[in-house]
Amino acid sequence: MPSKPFYITTPLYYVNAKPHIGHAYTNILCDTFARYHRFRGEEVFFLTGTDEHGTKIEKAAREQNKEPRQYADEMAPHFKDLWKLLGIEYDYFIRTTDEGHKKAVGNILRDLEARGEIYKASYKGWYCTPCESFWTKLQLVEGKCPDCKRDVQELSEDNYFFKMSKYQKWLIDYIKSHPDFIKPEIRKNEILGFLREPLEDLCITRPRSRLAWGIDYPTSKEHIVYVWFDALINYVSAVGYTTEDKRFKTYWPADVHMVGKDILRQHAVYWPCMLKACGIEMPKTVIAHGWWTMSGAKVSKSRGNIVDPVELCKKYSVDAFRYFLLHEVTVGLDGAFSEDLLAERYTTDLANDLGNLWFRLVSMLDKYFGGKIPDHSAKAFPKESIQDLLKKVTDAMSQYDPRTALTAIFEVVTLLNQKIEEKKPWVLAKDASKKGELGDTLAFLAEWIAHIAVLLLFLTPVTAKEILKRLGLKSDWILKKENEFLTPFLKPGMTMERGSALFPRLDEEKIAS
Ligand code: MSP
């Protein structure tokens, strides 16, 4: 029986602002894992999309004198455009305003209500509009929102509640007995810490009088569904829950929900309880990544310290931006972003190490062998070392650790540059009796570069494909059996295309602008 497709999701991004580096990071991570699983021959379903309901969006639309729907229609393409620019190969883009999604939300609510999982009650609380959060008096910090420290309003209203509290014990047991459910460990412990306090039922509606922009609550005209309850359901509505049974069975459970650490509680507490109440299997892993910060503060629209991915890609290339984000931090930790650091990594790792390695190899092949792969002996193929790198990279990728994978690859790049210094092919070339050694040295380097390029297909795909094209090799690799990789790719006489610099020297003036 074929294995279940690998199903990976990003959060749905609010459309009240254009995407920034934080959003780009999540999608680049997911794209890397999606590409890796396709590379391993698996079917993949990679879901992303936009979160379009709720107060935030309504407010942003009104500020521009637009209807929320029109505003969302104008904003959603900014996300699609960025994913296109970044080469994000998602399979489906869901919008919470899609009819299919709204239908699934209604179906779930009707079912939960019919089974007594939802009740109506009067609710008194303190509401923080920017955070869309209700707080109890105890949770307020000096009378303000505990998250953003802004003013809150006291509200009392009739609402619908999901009986989340009854799942508390089950959830704690589930998290403890499924070590891979929440990653990394530190975030899992945070969630378990949160679950030491009594879990309250979740208020899942807003009165229409206060919020009109959202999904209608199916059994009350006066209520709109709370934006988080609506949005989380996308992970199952996108694969046909309650609408296309066969599709749902094919894809669910999700293998990975990738989220930022600020929205882990919704994904590791609300969402599992919702699924449990619906009788749906749990996703395999929820991974919480850290934040990109600038001068110590989270990059965010409200802080006004936005880093525009489009500008960075224009200046440094899509792959350089991708390399930086994947390589700079281990998934789970925060990363300090600075353009200076990006420029430095570009120059040292990409231009000087990888770019230069390619340049030196093709220059020497041109000069000594007319641009062709020379005759060489079988020992020129470094099978054991290539096997070792493959293992390091695949182990790291199966642990959702692209930083370690990139580090292992770039260590080899450094070693290969050192090898050139040691072997001094330009000296070998002067001695006719060393022609064989010269051929072996250059073939060894070329094989390494070819194999490295294959391993970069899911990490820096543009560069990887370019190198493979220049070597005259295929780039639609599917690696099912290791042995297909542990074999020479190049034959004597094959010609290589020199091409322009893989990572051109940075133009100082352009960078400073
Ligand atoms: N709409 C909700 C998610 C619903 S998922 C069913 C939401 N949207 S968001 O647009 O505010 O944030 C989306 C994601 O971007 C979150 O995972 C958040 O952590 C991430 N990031 C926003 N700023 C970030 C950084 N500065 N750095 C890294 N990621 C951050 O929350």
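The values are calculated or read from the model by the stated rules, or taken from the named source; none is laboratory data. Bear in mind the structure is a predicted one, so any value in this text is a computation, not a measurement. Cβ sites come from the backbone with ideal geometry, for glycine too, and all protein chains shown count toward neighbours.
Is it fair to say THR55 is under 24 Å from VAL236 (Cα atoms) and modelled with pLDDT under 95? Answer is yes for this residue. Of the residues in the range 18-34, none is more than 21 Å from HIS289 (Cβ to Cβ) and either away from the ligand (no atom under 16 Å from the Cβ) or under 13 Å from the mean Cα position of the chain (by Cα) (or both). Given the criteria within 16 Å of the ligand (Cβ to nearest atom) and surrounded by fewer than 18 Cβ atoms within 10 Å (Cβ to Cβ), does GLU244 qualify? Spelling it out, it is not the case that GLU244 is within 16 Å of the ligand (Cβ to nearest atom) and surrounded by fewer than 18 Cβ atoms within 10 Å (Cβ to Cβ). What pairs can you find where one residue is in the range 132-154 and within 15 Å of ARG265 (Cβ to Cβ), the other is of a type in the set (Phe, Trp, Tyr), and their Cβ atoms are less than 6 Å apart, with a gap of 6+ or different chains? As it stands, the answer is PHE134/TYR127; TRP135/TRP126, since those pairs meet every condition given.
Filtered by the rule that a residue be crowded, with 17+ Cβ neighbours inside 10 Å and in a loop (DSSP other than H, G, I, E, B), the range 456-472 gives LEU456, LEU457, PHE458, LEU459, THR460, LEU471. The set of residues in the range 35-46 that are in contact (Cβ under 8 Å) with a residue 60 or more places away in the chain and either in a strand (DSSP E or B) or not basic (Lys, Arg) (or both) comprises TYR36, PHE39, GLY41, PHE45.
Restricted to the range 289-307, and to residues there that are within 8 Å of the ligand (Cβ to nearest atom) and over 10 Å from ALA336 (Cα atoms), the residue that is surrounded by the fewest Cβ atoms within 10 Å (Cβ to Cβ) is SER300.
Within the range 229-241, if we keep just the residues that are within 16 Å of the ligand (Cβ to nearest atom) and over 12 Å from ILE215 (Cβ atoms), the residue that is surrounded by the fewest Cβ atoms within 10 Å (Cβ to Cβ) turns out to be TYR241. Restricted to the range 260-280, and to residues there that are touching a strand residue (DSSP E or B) at 6+ places or on another chain (Cβ under 8 Å) and over 16 Å from ILE182 (Cα atoms), the residue that is farthest from the ligand (Cβ to nearest atom) is ALA277. For THR32, state whether it is under 30 Å from ASP334 (Cα atoms), touching a strand residue (DSSP E or B) at 6+ places or on another chain (Cβ under 9 Å) and at pLDDT 95 or above. No: the conditions fail for THR32. Kindly evaluate LEU12 against the criterion of being touching a helix residue (DSSP H, G or I) at 6+ places or on another chain (Cβ under 8 Å), assigned to a strand (DSSP E or B) and near the ligand (Cβ under 10 Å from one of its atoms). Here the answer is yes, as LEU12 does meet what is asked. Residues of the range 116-175 that are hydroxyl-bearing (Ser, Thr, Tyr), surrounded by fewer than 14 Cβ atoms within 10 Å (Cβ to Cβ) and within 24 Å of THR219 (Cα to Cα): TYR119, SER122, SER156.
Is it the case, given these coordinates, that ASP255 is surrounded by fewer than 22 Cβ atoms within 10 Å (Cβ to Cβ), closer than 28 Å to ILE204 by Cβ and in contact with a Lys or Arg (Cβ under 6 Å, 6 or more places away or on another chain)? When the stated conditions are applied, ASP255 passes them.
Scanning the range 1-20 for residues that are surrounded by fewer than 21 Cβ atoms within 10 Å (Cβ to Cβ) and aliphatic (A, V, I, L, M) yields MET1, ALA17. Specify which of the listed residues (ASP431, ASP440) is crowded, with 19+ Cβ neighbours inside 10 Å and over 19 Å from PHE485 (Cα atoms). Answer to the selection: ASP440.
In summary, strands (runs of 3 or more DSSP E) completely within the range 114-207 and bearing 2 or more residues that are not aromatic (Phe, Trp, Tyr) occur at 118-128, 153-162, 205-207. Do we have any residue at all in the range 6-22 that's without any contact (Cβ under 8 Å) to a residue 60 or more places away in the chain, under 25 Å from VAL286 (Cβ atoms) and out of contact with any Gly (no Cβ under 9 Å at 6 or more places or on another chain)? No: zero hits.
Of the residues making up the range 358-372, none is within 16 Å of the ligand (Cβ to nearest atom), in a helix (DSSP H, G or I) and in contact (Cβ under 8 Å) with a residue 24 or more places away in the chain. For the structure I just gave you, tell me whether SER209 is within 29 Å of ASN16 (Cα to Cα), touching a residue at least 40 places away in the same chain (Cβ under 8 Å), more than 12 Å from the ligand (Cβ to nearest atom) and surrounded by fewer than 21 Cβ atoms within 10 Å (Cβ to Cβ). For SER209, the condition - within 29 Å of ASN16 (Cα to Cα), touching a residue at least 40 places away in the same chain (Cβ under 8 Å), more than 12 Å from the ligand (Cβ to nearest atom) and surrounded by fewer than 21 Cβ atoms within 10 Å (Cβ to Cβ) - is not met.
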